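Just below is one structure, and these are the notes that go with it.
The values are calculated or read from the model by the stated rules, or taken from the named source; none is laboratory data. Source: prediction; values computed, not measured. Cβ sites come from the backbone with ideal geometry, for glycine too, and all protein chains shown count toward neighbours. These accessible areas exclude ligands, DNA and RNA; they are computed on the full protein's heavy atoms, side chains included. Shrake-Rupley method; radii C 1.70, N 1.55, O 1.52, S 1.80 Å.
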Amino acid sequence: MKTEGLAETLSRVHGESKAAAARGRVATYIPALAKADPGAFGLALVDSTGSVFEAGDARARFTIQSISKVLALAYVMTELGEVAVFSRVGKEPTGDPFNSIIRLETSASRKPFNPLINAGAIVVSGLMPGSSPADKGERFRAFVGRLLGRGGVERDEAVYASEKATAARNRSIAWFLKELGILEGEVEDTLDVYFRQCAVSVDAVDLARVGAVLCMDGMDPVRRERVIAARTARVCKSLMVTCGMYDGSGEFAVDVGVPAKSGVGGGILASVRDRMGIGVYGPALDERGNSAAGLEALRRLSDELDLRVL
Ligand code: GLN
């Protein structure tokens, strides 16, 4: 594939997908997210040689939100091992919205179905090493910095404070987990770690870079060094296929056919085996919480570049 061709395709797909933002709305349940520009739209791609391609608002910053669940999973697997995580959370999709609580009571196992829904992610946050929520948050950010190949990864303090002040649903989930006996530490402290990780500030290029690391099974193609174990990368990608786009995961697997993870900040991280990572920013979301223009762009890129791996 010619480098020039890839840049042109990305820019054309950006132009063709932009209008799809009108089908979505920015998230408002975290009040600070409502300030996002619904028309903002950026695409980035990092290929297996480490070359970076960008279109539109690829350098606009936004909060990583649920995409942090993949990074937190990779981090805790790295620090504590796979058994520590998966003795407390499953590997199965739910088909429910990301913040659903219902299966915690009704399923026989009485543990969250997977680490990419809120219930499972809060359990993972509770496993992060550190002496306080702030220390845990710092250590997680340092890990994200290593994955992104840059220091100084920031947190959006306004979004963090806004979510912390309003998270009645996540508090309900966390207290339920406490009652089930699978949440480490104090409920409010664990939630604080979760809100900190969700408020990490990234751009589409950062997400493409993580996607590229995952596509190379944990090797950073830019620095040419291993940043996560191959097994960890595999677990993350498999769960992204089955659970990464919430109750839209099945449709996404059919339409796009690559591992991906979305967040209500408008980001999508996608990873195409051996070939590339893709990062998207488009804060106007569909009814499931996935970027409307981002979904359109990924469908088109998948067709144009024959990305399907499923
Ligand atoms: N912080 C958000 C929440 O817990 C993340 C959700 C998401 O990105 N889907 O509600």
Looking only at the range 203-212, decide whether some residue is open to solvent by 10 Å² or more (accessible area, probe 1.4 Å), away from the ligand (no atom under 16 Å from the Cβ), part of a helix (DSSP H, G or I) and under 19 Å from P115 (Cα atoms). no
Residue that is nearest to the chain's Cα centre (by Cα) [pool: residues in the range 258-310 that are farther than 24 Å from V159 by Cβ and hydroxyl-bearing (S, T, Y)]: S271
Take the conditions farther than 24 Å from E251 by Cβ and either assigned to a helix (DSSP H, G or I) or away from the ligand (no atom under 16 Å from the Cβ) (or both) and apply them to S11. Does it pass? yes
Candidate set from the range 134-181 (those that are out of contact with any strand residue (DSSP E or B) (no Cβ under 7 Å at 6 or more places or on another chain) and not in a helix (DSSP H, G or I)); member that is least open to solvent (accessible area, probe 1.4 Å): A167
One residue from G152, G145 being in contact with a helix residue (DSSP H, G or I) (Cβ under 8 Å, 6 or more places away or on another chain) and not aromatic (F, W, Y): G152
Cβ pairs under 9 Å, 6+ apart or interchain, first in the range 153-173 and more than 12 Å from the ligand (Cβ to nearest atom), second of a type in the set (S, T, Y), ordered by first then second residue, are V153/S201; E154/S201; R155/T63; R155/S201
Name the residues in the range 174-199 that are aliphatic (A, V, I, L, M) and away from the ligand (no atom under 11 Å from the Cβ), would you? L177, L180, I182, L183, V187, V193
Mind listing whichever residues of the range 51-101 are more than 16 Å from the ligand (Cβ to nearest atom), within 26 Å of R169 (Cβ to Cβ) and free of Cβ contacts under 8 Å to residues at least 40 places away in the same chain? F86, S87, G90
Options I228, I278: the member that is closer than 30 Å to G151 by Cβ and touching a Ser or Thr at 6+ places or on another chain (Cβ under 7 Å): I228
Within the range 98-112, residues surrounded by 15 or more Cβ atoms within 10 Å (Cβ to Cβ) and modelled with pLDDT under 90 come out as F98, N99, S100, I101, R103, L104, R110, K111
Subset of the range 75-97 [in contact with a Pro (Cβ under 6 Å, 6 or more places away or on another chain) and either open to solvent by less than 70 Å² (accessible area, probe 1.4 Å) or more than 25 Å from G218 (Cβ to Cβ) (or both)]: V89
